[in-house]
Amino acid sequence: MTWDFETDPEFQAKLDWADAFVRDEVEPLDMLWGGLEYTPLDGALRRIVEPLKQQVRAQKLWAAHLGPELGGEGYGQLKLALLNEILGRSSWAPIVFGTQAPDTGNAEIIAHYGTPEQKARYLRPLLDGEIFSCYSMTEPHAGADPTMFRTRAELDGDEWVLDGWKFFSSNANTASFFIVMAVTDPDVSAYRGMSMFLVPADTPGINIVRNLAVGTESADHGSHALIHYDGVRLPTDAVLGGAGQAFAIAQTRLGGGRIHHAMRTIGLAQRAFDMMCERALSRETQGSLLADKQFVQGYIADSYAQLMQFRLFVLYTAWTIDKHQDYRRVRKDISAIKALLPGVLQDIVQRAMQVHGALGVSNEMPFTRMWVTGASLALADGPTEVHKVTVARQVLREHRPSDDGWPTGHLPKKVAAAREKFAAELELEVGNL
Ligand SMILES: Cc1cc2nc3c(=O)[nH]c(=O)nc-3n(C[C@H](O)[C@H](O)[C@H](O)COP(=O)(O)OP(=O)(O)OC[C@H]3O[C@@H](n4cnc5c(N)ncnc54)[C@H](O)[C@@H]3O)c2cc1C
């Protein structure tokens, strides 16, 4: 019997350290420098953040998503999940621990598909937390269906020339390089005719037209770029993983990224839940505490059960990835938790907001931002609907149609089968009457 819900004491000690460290040292950064997480460190911020990163390294918790071949500890996804649910409480924590999206996914594909030169140029500084990267795939006219993308790269002598528009390319304004998906062969299916390019941010022809903000973020802090790639010239070795490989690369990248979002969401939802419970125990109305009102008790019970179910599903999926060492074999469950994630977060945040009354919707509490995070995660790395389609397709592969048009569970059919199975005994019984 190998099922076990215990964390080994050695790693639990690390989690306890991370828990206190995030609360005491990192969450204060969110208060003063929220929105600057992806800005290269400089001045006062470098003096504050660099020593924090050193403490994380000393605890052997830096870039905990990485295997030993890339300088990580090789903890695997389950331990990473336990850590990420702590980091999910704070917007700065993933940066301080070297596990922030989209850089983790970008690093993963360069590690997997990059040449030694590409790894030296892009991967090393990315893993050291010295630079940021941008994944530029969605286009203004199409997102969920990459076969509709139009951005084009054509060979001109010994250079690729990149032309087109990309939308919602996060952190383009602070990234040192972009990973851009473009059509390289329009005559074959999109699954074989698109390629990924590694593009240094200072390459002429990259025009960031504007940066969009989400929800209540101020326009100055918008970090999702509309980009015009206008005749961007790239050497032939800018292609990642070979021409025509973009779809395979995108799948590798998004598998890990999606479950990491889910791990962090547990922490964020837990934070909203804890705030709801504190408020329920602190606020009185009509002669009793909110905690004594059945409606509020219902909010707490529903939220607890929803979060517990979600957490167990995420941990189970992380455990399965560790077991198979292959995201593709766990695709159904990764899509299922990606589809569940926004609803779990938004339901719990909504209830917590409600229990806080007017204060809850104000800019003096973090709930509206948390709620928008839920809405954003219903789109980033693929809309919920598309993930549900994936789940349904994968589930249906494990089933088959009935042989004769009548449901296998149709009772007359089952009774007939049971009669046949016990025919001899039934005959004997009738004969004895
Ligand atoms: C915060 C945030 C960060 C992002 N960062 C990046 C980034 O760094 N790089 C990048 O390239 N992109 C990024 N994106 C874009 C994201 O990948 C897209 O929003 C997503 O793929 C959906 O594309 P779309 O927005 O064009 O919506 P559309 O493709 O137009 O879809 C709109 C809606 O149509 C419905 N729909 C779509 N397809 C189906 C279907 N098959 N079945 C049923 N309904 C469907 C869904 O309701 C969906 O939400 C980010 C998005 C957000 C919100």
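Any idea how many residues of region 1-47 are assigned to a helix (DSSP H, G or I) and of a type outside the set (A, V, I, L, M)?
First, the residues of region 1-47 that are assigned to a helix (DSSP H, G or I): 9-33, 43-47.
Next, from what is left, pick out any that are of a type outside the set (A, V, I, L, M): 9-12, 14, 16-17, 19, 21, 23-25, 27-28, 30, 33, 43, 46-47.
Number satisfying all stated conditions: 19.
Just need a number here: residues in region 152-191 that are within 16 Å of the ligand (Cβ to nearest atom) and part of a loop (DSSP other than H, G, I, E, B).
Result for region 152-191: 6.
Ile321 fails exactly one of the following numbered conditions: (1) at pLDDT below 95; (2) assigned to a helix (DSSP H, G or I); (3) open to solvent by 20 Å² or more (accessible area, probe 1.4 Å). What is the number of that condition?
If we test Ile321 against (1) at pLDDT below 95; (2) assigned to a helix (DSSP H, G or I); (3) open to solvent by 20 Å² or more (accessible area, probe 1.4 Å), just (3) comes out false.
Can you run down the residue pairs with Cβ atoms below 6 Å, 6 or more apart or on separate chains, where the first is in region 359-387 and in a helix (DSSP H, G or I) and the partner is within 11 Å of the ligand (Cβ to nearest atom) and open to solvent by less than 50 Å² (accessible area, probe 1.4 Å)?
Pairs found: Val372/Val214; Gly374/Pro342; Ser376/Val214; Leu377/His261; Leu377/Pro342; Thr384/Ala378.
Any idea how many residues of region 101-151 are within 13 Å of the ligand (Cβ to nearest atom), farther than 11 Å from Ile179 by Cβ and assigned to a helix (DSSP H, G or I)?
Total satisfying the criteria: 4.
Open to solvent by less than 10 Å² (accessible area, probe 1.4 Å) and among the basic types (Lys, Arg) - does that describe any residue in region 2-25?
No, every residue in region 2-25 fails to be open to solvent by less than 10 Å² (accessible area, probe 1.4 Å) and among the basic types (Lys, Arg).
Given the criteria at positive phi and away from the ligand (no atom under 16 Å from the Cβ), does Gly409 qualify? Don't jump to the end; show me each part of the working.
Working: at positive phi: no; away from the ligand (no atom under 16 Å from the Cβ): yes.
So Gly409 fails the test.
I'd like the residue in region 169-187 that is over 15 Å from Ser133 (Cβ atoms) and either in contact (Cβ under 8 Å) with a residue 24 or more places away in the chain or of a type in the set (Ser, Thr, Tyr) (or both) and, out of all such residues, is most open to solvent (accessible area, probe 1.4 Å). Full working, then the answer.
Going residue by residue through region 169-187, those that are over 15 Å from Ser133 (Cβ atoms) are 182-187.
Next, only the ones that are either in contact (Cβ under 8 Å) with a residue 24 or more places away in the chain or of a type in the set (Ser, Thr, Tyr) (or both) stay: 182-186.
Values: Ala182: 0, Val183: 19, Thr184: 26, Asp185: 57, Pro186: 78 Å².
It comes out as Pro186.
Open to solvent by less than 40 Å² (accessible area, probe 1.4 Å), touching a Phe, Trp or Tyr at 6+ places or on another chain (Cβ under 6 Å), among the small types (Gly, Ala, Ser) and under 22 Å from Pro125 (Cβ atoms): is that true of Ala101 in this structure?
Details: open to solvent by less than 40 Å² (accessible area, probe 1.4 Å): yes; touching a Phe, Trp or Tyr at 6+ places or on another chain (Cβ under 6 Å): no; among the small types (Gly, Ala, Ser): yes; under 22 Å from Pro125 (Cβ atoms): yes.
Answer is no for this residue.
Let me confirm something: among Arg328, Arg279, which residue is under 23 Å from Ile109 (Cβ atoms), open to solvent by 20 Å² or more (accessible area, probe 1.4 Å) and in a helix (DSSP H, G or I)? Before the answer, list the steps.
Numbers: Arg279 fails: under 23 Å from Ile109 (Cβ atoms).
The unique qualifying residue is Arg328.
When you scan region 419-428, do you find a residue that is in a loop (DSSP other than H, G, I, E, B) and away from the ligand (no atom under 16 Å from the Cβ), even just one? Before you say what the answer is, go through the steps one by one.
From region 419-428, those in a loop (DSSP other than H, G, I, E, B) are 422; that's our starting set.
Within this subset, residues satisfying the condition of being away from the ligand (no atom under 16 Å from the Cβ) are 422.
Checked region 419-428: at least one residue is in a loop (DSSP other than H, G, I, E, B) and away from the ligand (no atom under 16 Å from the Cβ).
Among the numbered criteria (1) surrounded by 22 or more Cβ atoms within 10 Å (Cβ to Cβ); (2) modelled with pLDDT of 95 or more; (3) outside any loop (DSSP other than H, G, I, E, B), which one does Leu61 miss?
Against the list (1) surrounded by 22 or more Cβ atoms within 10 Å (Cβ to Cβ); (2) modelled with pLDDT of 95 or more; (3) outside any loop (DSSP other than H, G, I, E, B), Leu61 comes up short only on (3).
Regarding region 285-294, can at least one residue be identified that is in contact (Cβ under 8 Å) with a residue 40 or more places away in the chain, part of a helix (DSSP H, G or I) and open to solvent by less than 10 Å² (accessible area, probe 1.4 Å)?
First pass over region 285-294, keeping only residues in contact (Cβ under 8 Å) with a residue 40 or more places away in the chain: 290.
From the residues that got through so far, the ones that are part of a helix (DSSP H, G or I) too are 290.
Narrowing the set further to residues that are open to solvent by less than 10 Å² (accessible area, probe 1.4 Å) leaves none.
Checked region 285-294: no residue is in contact (Cβ under 8 Å) with a residue 40 or more places away in the chain, part of a helix (DSSP H, G or I) and open to solvent by less than 10 Å² (accessible area, probe 1.4 Å).
List the pairs whose first member sits in region 1-24 and is more than 15 Å from Leu80 (Cα to Cα), whose second member is open to solvent by 60 Å² or more (accessible area, probe 1.4 Å), and whose Cβ atoms are under 8 Å apart, counting only residues at least 6 apart or on separate chains?
Every condition considered, the pairs that remain are Phe21/Gln55.
Residue under question is Thr384, and the condition is that it be of a type outside the set (Asp, Glu) and within 16 Å of the ligand (Cβ to nearest atom); does it hold? Break it down stepwise before answering.
On the way: of a type outside the set (Asp, Glu): yes; within 16 Å of the ligand (Cβ to nearest atom): yes.
Here the answer is yes, as Thr384 does meet what is asked.
A quick yes/no check of all residues on (1) surrounded by fewer than 19 Cβ atoms within 10 Å (Cβ to Cβ); (2) assigned to a helix (DSSP H, G or I); (3) touching a residue at least 24 places away in the same chain (Cβ under 8 Å):
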{"residue": "Pro51", "(1), (2), (3)": "yes, yes, no"}
{"residue": "Val56", "(1), (2), (3)": "no, yes, yes"}
{"residue": "Tyr75", "(1), (2), (3)": "no, no, yes"}
{"residue": "Leu78", "(1), (2), (3)": "no, yes, yes"}
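From the list Thr390, Thr373, Thr368, pick out the single residue that is within 16 Å of the ligand (Cβ to nearest atom), within 30 Å of the chain's Cα centre (by Cα), open to solvent by less than 70 Å² (accessible area, probe 1.4 Å) and over 30 Å from Thr252 (Cβ atoms).
Numbers: Thr390 fails: over 30 Å from Thr252 (Cβ atoms); Thr373 fails: over 30 Å from Thr252 (Cβ atoms).
Of the residues listed, the single one that is within 16 Å of the ligand (Cβ to nearest atom), within 30 Å of the chain's Cα centre (by Cα), open to solvent by less than 70 Å² (accessible area, probe 1.4 Å) and over 30 Å from Thr252 (Cβ atoms) is Thr368.
The values are calculated or read from the model by the stated rules, or taken from the named source; none is laboratory data. For clarity, every value in this text was computed on a predicted model and none was experimentally measured. Cβ atoms come from the backbone with ideal geometry, glycine included; neighbour counts cover every protein chain shown. Note: areas computed on protein heavy atoms with side chains; ligands, DNA, RNA excluded. Shrake-Rupley method; radii C 1.70, N 1.55, O 1.52, S 1.80 Å.
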